[in-house]
Amino acid sequence: MDRCVVLVDAGYLLGAAASLLAGDPSRSRISVDHAGLVQQLRDRAETETGLPLLRIYWFDGAPDRVPQPEHRRLRVMPRVTVRLGALTRSDGRWAQKGVDAAMHTELTELARNRACSDIVLVTGDGDLLPGLMSAKEHGVAVHLWAVQAAGGDYNQSEDLVAEADERRVLDRAWITRAVRARDLTGLCAPAPAPRPEIAAILSAPLPEAALASAERAAGTTAPADRTAPEEPAAPAADGHGAAAPGRAVPTPKDLAGLRGPAAAPPPHPAPQPASALRWSSDRGWVERPAPLGEPPETASLPTLAHLTSAEQRWADREEDITTVGGDPFEVGQVFARRWLERLPDPHHIQRLSVLYPRVPHRIDGELLRYAARFGLLAHKDDQIDEHDRYAIRAGFWREIDVRAAAEQTPAPGAGPATP
């Protein structure tokens, strides 16, 4: 069959590009225009082989083989097929598992079934040597492409180079058309002050202190076995976003237990502090008793699912795949923007903004489930990434603040608002 196929080892291509442009093989050191890179691969393959492209196979690793945002974008591009292996962490370094085997299988099957006459391999791994030799025995011409190595070193297996029918080098000029080094000049600068959203969460009162304050306000005293300070103690965030020495930051469990069943409710319950964040359950919506349920002003807030039609849901998914990068702060902003655009009653915005930084339980659970689509909130080194949770909610509140401020700003030329 007179067609060409491109097999790309993404770990090699992007790792070598990072070494060339940033001096470090870590892919976090570069930003990639995947659509542009795929088009460049197609154009060059068709030019050098003189044949139309059948397909580009993109082989990469992902934690638990769960597609990451870049894989979601790639697999909906025309003539692109994504194959994922596992990405595991060992001795503090990430390693791909199963990617070489998948490339070997695809290479030999394409040749055996005569699906193409030319195959372009973008890889440097010598483990593919048996597959390359098998493809040649089936009459397929194998083109081996290398990324220009930093400092004149070699970044491909010598045996692989010797067996290839054609060999080309993707030089710096070709790479920089779709890949660039990230600007990391600010890494050595002092750490910026924490975002006000996160600082407010960290300054929430400790459960013991807040409970004692509520009991005193209601004219009751703490039980004999409970020791409470005379004044409520609140952990303050230092300039680096961490709690001040000697004071613990309240955990979600602590805050949820602020009004738990173990505490005897006072005759006249004091309002819960506005800075106490209501965390949702990872298992979704959990019905709570009346004292712990949502107050009337937030229980009436509609969720995004209730406001979204089937057509909008399809459009949202397309946007998630093609344009949303997966940064936690950005994910929170996207969710809030959609929710705000579909609200039937603008008064909901002011009703929600006064609850800052507490996110209503129903909306918060939906927000975190949405973030999970992008691989956020996943286990990292056996621990849930709490920083991502803070960043997701910070992005959500940033959009709410912007819209609330716009609602309060009078239009140019309009007179003062009447009471």
Item to check | Three-way shape label, the range 304-408, alpha-carbon gyration tensor, a/c 1.5 | outcome: oblate
Checklist entry - If you keep only loop residues by DSSP, which GluC sites (Glu not before Pro) in the range 73-145 have at most 13 other Cβ atoms within 10 Å of their Cβ? => result none
Checklist entry - If you take the beta carbon distance between GLU319 and LEU129 as r and set R0 to 56 Å, what does 1/(1 + (r/R0)^6) give as a FRET efficiency, to the nearest 0.05? => result 0.85
Checklist entry - Where the only charges are on Cβ atoms (+1 Lys, Arg; -1 Asp, Glu), what is the dipole of the range 304-408 about its Cα centre, to the nearest 20 debye? => result 360
Item to check | Charge context of ALA22, other residues only, Cβ under 10 angstrom, K/R +1, D/E -1 | outcome: +3
Checklist outcome for this item: Scoring only Lys, Arg, Asp and Glu (+1, +1, -1, -1) among other residues with Cβ under 14 Å from the Cβ of LEU54 yields 0
Next on the checklist: Could you work out the relative contact order of the range 4-184? I mean the mean sequence separation of Cα pairs under 8 Å and 6+ apart, divided by the number of residues, in percent.
Outcome noted: 27
Checklist entry - Over all distinct alpha-carbon pairs, what is the Kirkwood Rh of the range 136-179 in angstrom? => result 11.8
Next on the checklist: Sorting check: for 124-134, 27-37, which peptide has the highest mean count of neighbouring beta carbons within 10 Å, and how do the rest follow?
Outcome noted: 124-134, 27-37
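No lab work stands behind these numbers, since they all come straight from the coordinates. Everything numeric here is computed off the predicted structure, so don't read it as measured data. With ideal geometry, Cβ positions are generated from the backbone for all residues, glycine too; neighbour counts draw on all protein chains shown.
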